[in-house]
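Worksheet: the structure to be examined is printed underneath.
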Amino acid sequence: MTNKTYAGIPAEYGKLEQAKIVLLPVPYDGTSTWQKGADKGPEAFLDASENMELYDIETGTEVYKQGIHLLDPVIQNSSPEAMVEEVYNQTKKYITKNKFVTIFGGEHSVSIGTIRAFNECFEDLTVLQLDAHADLRMSYEGSSCNHACAVHEASKNTNLIQVGIRSMDQTELKWMNKEQTFFAHEIQEEPYWMDAAVDLMTENVFITIDLDCFDPSILSSTGTPEPGGLLWYETLEFLRKTFKEKNVVGFDIVELCPNEIDKSSDFLAAKLYYKMLSYKFQGKE
């Protein structure tokens, strides 16, 4: 693809050999069922990132100096299964090279591959899912590699914690662990939910963020916006706590469905990604 660097950082910080962090774009939108356009998400995110200040006020850091290498995108889209396999292979390849691997989708089926790779590489893995939707179906529209099935596999073979859920099908209840699910309406009433969620995590945590976890008032450009979502500072507080108390081994962000008229959602996604890196590498300069 690319002589381009992530966020337009100087080339010296974008070189694979020196970079501690790699970013894998997956512009895939093969299984989304309402608004299409998540395949344009990575490009919109990267464009917004180039227009972002690179000093993080809160942590007092410039995390890009840890080195962030922008990988060529995964463009395998012959079938959902083939895409998942390619994402799994690429993710695992860079985990085994000792990189901090981050992925930007595409729609949420991308995460089936990322979670599979992280679960094979890290013992006793917690998957922390921030999402409006449960995504626990065993299969949907003839495939188990569908966005509606994004964490079905994780529910069976990792320690899955779900946060922000406010939309699901009744059939998903049989796969859901309600003790580890923090529904959006309950979060509003429960002042200590963040502590409770962190207490349920094992040491190694992989975070998957579907951007529809956010309230549409702050992020509307997503495939299926649901009212009643998370807000910016509460989300950052929870992520900061998670990064501080646990070993976050990687993360993915999915379901940005950009809109020509409103760029604020693209910018939120860009800031969120950079914030998470800032929390991860704070104190490691």
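Numbers at a glance
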| read-out | value |
| --- | --- |
| Candidate set: region 253-285, residues that are part of a loop (DSSP other than H, G, I, E, B) and crowded, with 21+ Cβ neighbours inside 10 Å; chosen: the one nearest to the chain's Cα centre (by Cα) | E255 |
| Members of region 158-185 that are more than 19 Å from the chain's Cα centre (by Cα) and within 19 Å of K246 (Cβ to Cβ) | N177, E179 |
| Cross-chain or 6+ apart pairs with Cβ under 8 Å, region 77-101 first and touching a residue at least 40 places away in the same chain (Cβ under 8 Å) and more than 16 Å from D39 (Cα to Cα), then assigned to a helix (DSSP H, G or I) and among the basic types (K, R) | F100/K280 |
| Residue count for region 170-188, restricted to those that are at pLDDT 95 or above and out of contact with any Lys or Arg (no Cβ under 9 Å at 6 or more places or on another chain) | 12 |
| Sole residue being in a loop (DSSP other than H, G, I, E, B) and either farther than 19 Å from V151 by Cα or touching a residue at least 12 places away in the same chain (Cβ under 8 Å) (or both), chosen from T202, T235, T208, T242 | T202 |
| Extreme residue, farthest from G223 (Cα to Cα), among residues of region 132-163 that are polar (S, T, N, Q) and assigned to a strand (DSSP E or B) | N159 |
| I161, sole failed condition from (1) in contact with a Phe, Trp or Tyr (Cβ under 7 Å, 6 or more places away or on another chain); (2) closer than 21 Å to M138 by Cβ | (1) |
| Long-range neighbours under 6 Å by Cβ, at least six apart or interchain, first residue within 15 Å of V110 (Cα to Cα) within region 129-147, second of a type in the set (D, E) and assigned to a loop (DSSP other than H, G, I, E, B) | H147/E107 |
| Given (1) more than 20 Å from R240 (Cβ to Cβ); (2) over 19 Å from the mean Cα position of the chain (by Cα); (3) part of a loop (DSSP other than H, G, I, E, B); (4) free of Cβ contacts under 8 Å to residues at least 40 places away in the same chain, number of the condition P216 does not satisfy | (2) |
| Members of region 5-61 found to be free of Cβ contacts under 8 Å to residues at least 24 places away in the same chain and on the phi > 0 side of the Ramachandran plot, listed by number | G60 |
| Index of the failed condition, R116 passing every other in (1) in contact (Cβ under 8 Å) with a residue 60 or more places away in the chain; (2) within 22 Å of N247 (Cα to Cα); (3) part of a helix (DSSP H, G or I) | (1) |
| Subset of region 219-246 that is under 16 Å from the mean Cα position of the chain (by Cα) and within 30 Å of E123 (Cβ to Cβ) - its residue that is surrounded by the most Cβ atoms within 10 Å (Cβ to Cβ) | L230 |
| Test: residue in region 37-59 that is surrounded by fewer than 20 Cβ atoms within 10 Å (Cβ to Cβ), assigned to a loop (DSSP other than H, G, I, E, B) and modelled with pLDDT under 95 | yes |
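The values are calculated or read from the model by the stated rules, or taken from the named source; none is laboratory data. All values reported here derive from a predicted model rather than from experimental measurement. Note: ideal-geometry Cβ built from the backbone for every residue, glycine included; neighbour counts use all protein chains shown.
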